[in-house]
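Just so it is clear, none of the values below were taken in a lab; they were calculated from the coordinates. For clarity, every value in this text was computed on a predicted model and none was experimentally measured. We place every Cβ from the backbone using ideal geometry, glycine too, and count neighbours over all the protein chains shown.
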Amino acid sequence: MYSQFLAESSKLFNEMVYPNLQKGYLLSHKEKTRILESAEDLKSRAEQAPAAPPEGS
């Protein structure tokens, strides 16, 4: 009886829980990478843009 429960529990974990955990983990890193790339792009654009004149001039 207990071994059946473990087998079913393991099957449920392997088929349902683990793939979703893995997908969430990978997506979180993909999102983090996208944000970092966007920040680097903005930084390079700011460095290339001409300096704005001071306010009030």
Where the only charges are on Cβ atoms (+1 Lys, Arg; -1 Asp, Glu), what is the dipole of the chain about its Cα centre, to the nearest 20 debye?
180 debye
Working from the pairwise distances between different alpha carbons, so that the mean of 1/r is found and then inverted, what is the chain's Kirkwood radius in Å?
15.8 Å
Calculated from DSSP helices alone, with each H run of at least 4 adding -39500 (n - 2.57) and the total divided by the residues of the chain, [θ]222 nm to the nearest 500 comes to -25500 deg cm²/dmol
